[in-house]
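FYI, it's all coordinate maths here, none of it is from the lab. This one's a predicted model, so the numbers in the text were calculated from it and none came from an experiment. Backbone-built Cβ (ideal geometry, glycine too); neighbour counts: all protein chains shown.
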Amino acid sequence: MFCKLLKSFYNMVKYNQLISKTILYLMQCSKGDNMKKAKNKKVCCIFLTAAVLSGISVYSVSAEETKTEIHIVHTNDIHGYYKSTSNGQIGFDSLKTIVSKENADLLLDAGDTFHGQSFATVENGKSIAELMDDLGYDAMTPGNHDWSYGADRVKELDENSTFKVLAANVVDDNGDSFFDNTYFVKTVTADDGTELKVGVLGVTDESFYTSTASKNVENVRFTEDTDKANEVAQKLRNDENCDIVLAITHNNNLDDFVANTSGIDAVIAGHQHILIDKDYTNKDGKSVRVVEAGYYFYDVGVLTLTYDKELGVTQASEKVYTSAETQDMSDADIAGKISAIEKREESVLNEVIGESKNDYPYSWEEIRTSEQKIGRIVTAAYLDYTGADVAMENAGGIRSGIRKGNVTYSDLISISPYGNVLIEKELTGSQIMDILNFTVDLMKENSAVYDLQKEAIKKGEDPYQYSWPNNSGSVMQFSGLSAEYNFAKPQGNRVSNVLIGGKPIDLNKTYKVVSNNYAFSSSDYGTASTQPIAKEYTTCEQALRDYISKGNFEQAAEKENLLAKADVTEPTTVQPATVQPATSVTSPAYTEPSTAATTTSMATADSAAKGNSQDNNTVKTSGYIPTLVALLALVSGGTFAVLVGKKCNKD
């Protein structure tokens, strides 16, 4: 019986040569006459116990070594923000320190990066690309706003940079990939020294093709993103033999993207302007972690993937840095590079265009829920430049405000950063009424979400559980007309008392209406998008520059064009968003408990219970308790020392 037991233990620990030899010796002893003596039995029992416990310890360490981790630092939707600020931006200077602190294996960006703030736009994205190179970015995928310079400029930035611009589903007129690379492969050294091949693919939501001015993408096409993602993922797995496959995507529908793809271990996303840390189910029924790091450089994400040699990626966890945690983390070399670029751009950006006696602030939320003074100034500039009857500007086209004091060229680019062109169309009074009613209806919908978010903040809840409409930025700001609106009236009939040029609107009359080329191509505004362009003027930013330079622009800020007649009286229902943002210091958020952590805790408790049970059985059947306890303590202590030593070496 004892010999059979030894054979079982031998089979269990035969992977360890020293232990197996020890047990073979004990098996031979067990067949001799000496085993009849209790003394030798006692010795064999002690050796056997030591061998088994040591075997279990070595087995545990060996099992642990089959898993390792890699770390991916990621950004998205920085929109030209570039340095640490008191307003909460982290900036490239602090990002460099984060990359070093996290010992990042990859540095990736998910788009809307090259365009936005004047620092970026005055050099058509060159300044941002230079900083990305200095930080050692591996790859990025373009967002919808990155195309504002035109497709050829985005390709030029790719060709002049060390990082790769990946958009595999963007093709030229011949159907060939527009960019030089459809994917990127990097061999990284994981935490335990294991070398892993990581493949990165990039695709962009094909719906963004119509969200930029047509001239920006006239020589390219956006094909279906999930089909191309599957094709490239398979190539990375089968041809490149990648251990891990990542997707970076600027995407408006992440649930749908993941549900229709396979072979991707994790997705780094952009466009939603929120914190995302959530598992989605792919077409094979596998959970795929999706992360996004907010917007405007308020956050930086660090995605850690646990890799098992047999199972692949088994776990994912996300950490988010905010400016509160990066106050003293600025990298001197990157800060110096930023200063050099700022100095290079000074002569252009610091030109004083005019002077403002007041502040005209910008709020992303407020300009989507009501008429704003900065909106009145912008549209008044369009009216002044063109002499049209009515001027309109979508809320998404205005990106900054005006501060009291000198107004510089930099300020104007920040307000109107997209390089859009001012165009004129001839619209009937009926078409203008449709746009007014659409705007007020959307304002009401936006206001409902905004109210819920503000209330959630007061309660200490997650405000991002409430989603803004995808077209929230289509709310129009106006000049040249005045109107009253009442949210309590039925949808589509909330606008009344419309005057154009001081006279009641004539639904059958044709009016000259100006707006930017992007807005006038949107189907949100009914049949206006199909009307031919009557005239094309200068850029929106140039019209604003001319108006500000005249010195009397502040009068427009005080002229109320949309007058609210009543508060919201009808109930509004807004469903919580399906996306739950990750926890951050600046915005409390609900985070689902980690399944892996819960499983580990349960396993530990279960093992402890079983251990106690085994100890009780030993008390009843063994007469060598003091010896075994001492031996157990010795072996356990040795095992603990081994694990601590491994941890110290790893750190």
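For residue 558 and residue 286, the FRET efficiency from 1/(1 + (r/R0)^6), where r spans their Cβ atoms and R0 equals 51 Å, is about 0.30. From the cross-link list 373/550; 489/509; 283/454; 67/101; 215/550; 155/197, which pairs have alpha carbons spaced over 29 Å apart? Table pairs above 29 Å Cα-Cα are 283/454; 215/550. Computed from backbone phi with θ = phi - 60° and the Karplus coefficients 6.51, -1.76 and 1.60, the 3J(HN,Hα) list for the stretch 478-488 is 10, 9, x, 9, 9, 7, 10, 9, 9, 4, 6 Hz; x is used for glycine and proline. Measuring between their Cα centroids, the stretch 260-304 and the stretch 476-517 lie 42 Å from each other.
With the simple spin-label model, which puts each label point 7 Å out from Cα in the Cβ direction, the residue 332 to residue 309 separation comes to 4.3 nm.
Note on residue 403 and residue 69: the model spin-label points, each 7 Å out from Cα along the C-beta direction, lie 4.0 nm apart. With contacts taken as Cα pairs under 8 Å and at least 6 residues apart, the stretch 281-320 reaches a relative contact order of 31 percent.
Backbone N atoms of the stretch 433-467 closer than 11 Å to the 7 Å Cα→Cβ label point of residue 365 belong to residues 447-458, 463-464.
What FRET efficiency comes out for residue 186 versus residue 503 if R0 is 60 angstrom and r is the Cβ-Cβ distance? Round to the nearest 0.05. Efficiency at R0 = 60 Å is approximately 0.35. Taking a label point 7 Å from the Cα of residue 101 along the Cα→Cβ vector, which residues of the stretch 319-351 have an amide N closer than 14 Å to it? Within reach of a label on residue 101, which here means backbone N under 14 Å from a point 7 Å along Cα→Cβ, the stretch 319-351 contributes 319-332. Around the amide H of residue 407, modelled in the peptide plane, lie the amide H atoms of 353, 354, 355, 356, all under 5 Å away and 5 or more residues distant in sequence or on another chain. Using the average count of surrounding beta-carbon atoms within 10 Å as a protection proxy, the listed peptides 73-81, 92-100, 499-507 rank, highest first, as 73-81, 92-100, 499-507.
Taking the number of Cβ atoms within 10 Å of each Cβ as an exposure proxy, the fewest-first ranking of 132, 140, 433 is 433, 132, 140.
In terms of its C-alpha gyration tensor, the stretch 107-239 comes out oblate, because a/c is 1.5 or above while a/b does not outweigh b/c. Model label points for residue 231 and residue 565, set 7 angstrom from Cα along the Cα-to-Cβ axis, are 5.5 nm apart. Taking each residue as 0.36 nm, the span from residue 523 to residue 347 lengthens on full extension beyond its C-alpha to C-alpha distance by 59.3 nm.
Counting 0.36 nm for each residue step from residue 224 to residue 536 and taking away their Cα separation leaves a gain of 109.1 nm.
Quick check: Cα centre of the stretch 198-222 to Cα centre of the stretch 114-130, how many Å? Answer, in whole Å: 19.
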